[in-house]
Amino acid sequence: MSHARRTAEAYADIDPEKFGARPARRTRPRTKDRPDYSDAEVGRVLTVDRGRFRCQMLDSGVLLTAAKARQLGRKGVIVGDLVRVVGDTSGEEGTLARIVEVEPRSTVLLRTADDTDPTERPIVANADQLMIVSALADPPPRPGMIDRLLVAAYDAGISPILCLTKADLAEPDEIIELYEPLGVPVVVTEPGSQLDEVDELLVDHVTVLVGHSGVGKSTLINRLVPGADRSTAEVSEATGRGRHTSTSAVALQLPGGSGWVIDTPGVRSFGLSHVTCESVLGAFGDLTEFTRDCPRGCRHTDEEPECGLDEAVAAGRLTPGRLASFRRIVTALLEQSG
Ligand code: ZN
């Protein structure tokens, strides 16, 4: 079973209604009261704004606006969702289609809780990559933040990528050294540099971009998606909080229809309260084997006296660098969850 799938099931155990993780498994047979929408067109949700969902239909490419059908109840529809749409799907101005079903999500990222909403709600669905954008200087990189974003990606079954910007201001070597042992692909950019390497990583994927104010994320998106017109006046710390950050993700199609990027303005981290050391470990297949003989409840940190990971290093089966990097992100998780 894939990690992503296992994660989706874990979410389903918590609250299947909220996550909509498994709507495909129907425990009750369809009746006249529960119409079959399997023939309805499928669209991707690009934006969510006050109960209106901008969708692009997969087959026709038509852009339309839809509302949630009543039968969906409180079930959330979020950016990246694949939804079945009925009614007026012409996309003509003034028309409003109806979303009647949400397809099972392959992955989910949660927004963090804040003063306005103490619940970690899903914010992006079906992404398979998370590109963490960090400047090398001005503002300086924050490894702690990068580590927490990595944890969110690993837990969700999403492949992380690190994009280091402003290489004209500082050398990337130190940061690369921190993340290379984890196997995270790293791309380095500077103003005006070619983005071929970034393009290549994004082709045929759905990639969420996340990064702090001033790291150049909007600039990067504007270059990747000409005409995207993402505001480079980033959401300030003062106004970013308390606004409807759960509705601020936006899906943008790459030129040529070769993939999607999802911008998350105002998002600086994803919810981690449900994440465990084991779910992070699950993203590191080679390490799992070494932890089989760990004492019960081992958190695989430096403080664990008999962790199998130390034995693996002693036996030359695991590099100290990879263990140190893994432990750093587990520690980031443990600190986060207190
Ligand atoms: Zn251990």
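Amide H contacts of Glu103 (H built 1.01 Å from N, in plane; Pro and chain starts excluded): Leu82, Val83, Arg84 sit under 5 Å, all sequence-distant by 5 or more or on other chains. Each 10 Å bin from zero up to the one holding the largest Cα-Cα distance in segment 243-338 carries the following percent of pairs: 14, 35, 22, 18, 11, 0. List every residue whose amide H lies under 5 Å from the amide H of Arg111, counting only residues 5 or more places away in sequence or on a different chain, with H placed 1.01 Å from N in the peptide plane. Amide H neighbours of Arg111: Arg121, Ile123, Gly271. Packing around the peptides 177-185, 248-256, taken as the average count of other Cβ atoms within 10 Å per residue, puts them in this order, highest first: 248-256, 177-185. For segment 245-331, trypsin sites (Lys or Arg not before Pro) meeting the loop criterion (DSSP other than H, G, I, E, B) and having at most 12 other Cβ atoms within 10 Å: Arg292, Arg296, Arg317.
Measuring nothing but how far apart in sequence close Cα pairs (under 8 Å, 6+ apart) lie, relative to its length, segment 282-330 scores a relative contact order of 28 percent.
A simple spin-label model places the labels of Ser258 and Arg34 4.3 nm from each other, with each point 7 Å out along Cα-to-Cβ. Length gained on full extension, Val42 to Ala137, computed as 0.36 nm times the residue gap minus the Cα-Cα distance: 29.9 nm.
The protection proxy used here, the mean number of other Cβ atoms lying within 10 Å of each residue, ranks peptides 100-113, 273-286 as follows, highest first: 100-113, 273-286. Say the dipole of segment 241-338 comes from +1 at the beta carbon of Lys and Arg and -1 at that of Asp and Glu; which of Gly266, Cys298, Gly316 then lies farthest toward its positive end? Of the options given, the answer is Gly266.
What length, rounded to one decimal in nm, is gained on full extension from Thr288 through to Leu334, with 0.36 nm per residue of separation minus their alpha-carbon distance? Display every interim value, and only then the final one.
Details: separation 46, 0.36 × 46 = 16.56 nm, distance 1.86 nm.
So the extension gain works out to 14.7 nm.
The listed peptides 201-210, 187-196, ordered by packing as a protection proxy, come out as 201-210, 187-196 (highest mean of other Cβ atoms within 10 Å first). Overall dimensions of segment 95-197, expressed as equivalent-ellipsoid semi-axes from the Cα gyration tensor (√(5λ), whole Å, largest first), are 31, 17, 15. The H on the amide N of Thr165, modeled in the peptide plane, is under 5 Å from the matching H of Ser134, Ala135, Leu136, Thr189, each at least 5 residues off or on a different chain.
Full extension of the chain between Asp229 and Ala113 gives 38.9 nm of extra length, using 0.36 nm per residue less the Cα-Cα distance.
Between Glu93 and Ile176, the FRET efficiency from the beta-carbon distance, with R0 = 41 Å, is close to 0.25.
Any read-out appearing in this document is the output of simple, stated calculations on the displayed coordinates, not a laboratory observation. As the structure is a prediction and not an experimental result, all values here were calculated from the model. Neighbour counts run over all protein chains shown; Cβ positions are idealised from the backbone, glycine included.
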